[in-house]
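Report on one structure; see the data block that follows.
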Amino acid sequence: MRRDRRVQLAALVITLGCLVAIASLQPVIRDERDSLEIAVDSERNAQLPPDLAVLNAALGGFRSWIINFMWLRATKLQEEHRLYEAEQLSRWITQLSPHFDRVWTFQAWNLAFNISQQADTDADRWRWVTAGIDLLRRDGLEINPLSKQIHRELAWFFWFKIGDVFDESYRYYRRALADEWQENLGTPAGESTAVNLEQLRADGFRPIAIAPRYPEELAQLDPSFDVAIEALSDLEEGLDRSLLIEMTSGELDEPPTMRAEALQRIRDDLRVAGRFDEFVSFLRARVLREQYRMDPNLMLDMMEVLGPFDWRHEASHAAYWVVEGALRWAKQQREVRFLASDPDYRIVMDQPFLLMSLKKLAFESGRIDRDPATGRYARSPEPRFIRAYEDARFTNATDNARDLFQRDLEAATTTSYFFGDDRLVRRYFERLQVDFGVDTDLETFVEGQLRAEVERNVEAGMDRFSALQSLCVNVFTRGYAIGREDVALRFRDAAQRLLSSYAVSDPSLPSFDELFETTLFGYLCSSPVTATVAEKSRVWRAMPPETRAHLLPKQLPAGTLEEYLKALARSTGEEVEVLFPRN
């Protein structure tokens, strides 16, 4: 008896100790739940849509159990390749934890990065990538508008998933994004070579930024708007992206339908009243706000403060979500503006993702030349972002910030030289001469840059021939493949001069013809990630007949190059003589 009583007493003491420990941990747990934003409270639930508020209140303490079960179930559905069911379950999980940022970012990542990789075609992959993006910008930010994490994740999706090359479908993603935004906003205003491009592009976008937000406001401006909106209502047409595309395409269905003819009459009436462009600007602004959750006023601010953003470029979108996220967090409000005089300007410029986006636009690919009709898609640097990039670079100043900026200018000078943009070359090279003491002429500088690149590759373990090949491949990837014969010839001449200078001290190096054909052979046999069939076809058709004849019999592990090119043509449904002619 006495022993049993001691056991009971010990158990009681342990129980009391556990209760005291639990009580002492409650403030810590409560603070942690608040910091992670997973605590459910009546004030935040009141801000939810009614269906979500009722759902979360009704489940009570069972919510976490249900979420765990659904998470496991979604993972299993994904493993079973039941992707649409997995997507729907992912959305339910976010509805059960609407204020937990990490749930939104995890589920969006799952859609864009994991489920997309299981899709069979580029188009299907793109649908899953955009589903992940939409989950964050349309749903996640609607409930959590001040979330830094969701804004940062959106920027990362555009930067990494679309802008980087780790997904084999990245080329498709970039073209799809460009086509989508060309439909949304039209071709950006101003020729890329215009001296005042920044002003032209901002002025071209301004009608969208100042357009009325609601149909009622638009109708008050002119009776023709009221008539158009009433007519569209009779057709049961929503003021959405589908209508925007139909209104701007100007094409009737074949054969014309009553609906198409009614839309044409609305277009004609608005044009007669001189109000068609205003109506289109209203639709564009509405699509930006309703479908993409982007603020046209903030977009215009960015164009006026930072540079001539082309919204067909993924880095422009990455920059937008970084800027909006930083401003919303700093001001703790949904509606924000971005001005150079704003006290929070430096907070925005201090964002690493903004620095990365500006660098990509300024020195790599900020200009887009896209023609959906012909399939042309080419990108080149846009130096008008240099000022903003420099500002951001030195806001993020480190001990080697100046050295990093010099390397950026050196790379940009070399790229602009080969792309034949004399104005850009002068702009970059003058900065190097004035600010960094470069005292050579331009030709000597560029050759020195190429030689340094070859030597870096040699130091990394390449033999010199392979290092020269890595330079020569630019003839194809940055020249013939994108229809720039002028660029290809500049790279070819530079590679030939460099090989000649190396051959003086190393007679074992092969002739330039051998270097060129070996590099071309490797390019033609490269994976679809490196070059598409269309790009290989452009390169092949740019080659002289004697080069083609010399390469066709060359052996691959599974046959000759000629047989390989025939297989490539068959994979596209085209005749081999169309894509890869012998003569």
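Laboratory data are not the source of any read-out in this text; all were calculated from the coordinates shown. As the structure is a prediction and not an experimental result, all values here were calculated from the model. No Cβ is skipped: glycine too gets one built from the backbone with ideal geometry, and neighbour counts run over all protein chains shown.
Summary table
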| item | result |
| --- | --- |
| Extension gain from Arg289 to Ile210, taking 0.36 nm per residue of separation minus the Cα-Cα distance | 27.2 nm |
| Alpha-carbon centroid distance for the pair region 106-171 / region 438-490, whole angstrom | 35 Å |
| Under 13 Å, Cβ to Cβ, from Val425 - net charge with Lys/Arg +1 and Asp/Glu -1 | -1 |
| Environment charge of Arg451, counting only residues whose C-beta is closer than 14 Å and scoring Lys/Arg +1, Asp/Glu -1 | -4 |
| Theoretical FRET efficiency, 1/(1+(r/R0)^6), r = Cβ-Cβ of Trp65 and Arg6, R0 41 Å, to 0.05 | 0.60 |
| Charge tally in the Cβ shell below 13 Å around Ala488, where Lys, Arg are +1 and Asp, Glu are -1, Ala488 excluded | +2 |
| Relative contact order of region 438-542, pairs being alpha-carbon contacts under 8 Å that are 6 or more residues apart, as % | 27 percent |
| Potential lengthening between Arg334 and Arg423 on full extension [0.36 nm per residue; Cα-Cα distance subtracted] | 27.9 nm |
| Highest-first arrangement of 275-288, 234-247, 83-96, where packing means the average Cβ count within 10 Å | 275-288, 83-96, 234-247 |
| Check: the chain dipole with +1 on Lys, Arg Cβ and -1 on Asp, Glu Cβ, in debye | 2020 debye |
| Percent RCO, i.e. relative contact order, over region 190-306, from Cα pairs under 8 Å lying at least 6 residues apart | 38 percent |
| Distance in nm between pseudo-label sites at Ser466 and Phe394 (7 Å out along the Cβ direction from Cα) | 4.2 nm |
| Amide H contacts of Met294 (H built 1.01 Å from N, under 5 Å, at least 5 apart or other chain) | Arg289 |
| Val13 paired with Lys148, simple spin-label distance in nm, labels 7 Å along Cα-to-beta-carbon | 4.7 nm |
| Extreme residue, positive dipole direction of the chain, given options Thr519, Gln496, Ala318 (C-beta unit charges) | Ala318 |
| Additional length obtainable on full extension of the chain from Gln118 to Ser501, 0.36 nm per residue less Cα span | 132.9 nm |
| Mean Cβ neighbour count within 10 Å, used as a protection proxy, ranking 498-509, 211-222, 377-388 highest first | 377-388, 211-222, 498-509 |
| Residue among His151, Leu136, Ala194 farthest towards the positive dipole end of region 119-194, charges placed on Cβ | His151 |
| The chain, helix-only ellipticity at 222 nm - DSSP H runs n ≥ 4, -39,500 (n - 2.57), divided by all residues, nearest 500 | -20500 deg cm²/dmol |
| Lys pairs under 20 Å by Cα in the chain, provided they are eight or more residues apart or on distinct chains | 7 |
| Percent RCO, i.e. relative contact order, over the chain, from Cα pairs under 8 Å lying at least 6 residues apart | 8 percent |
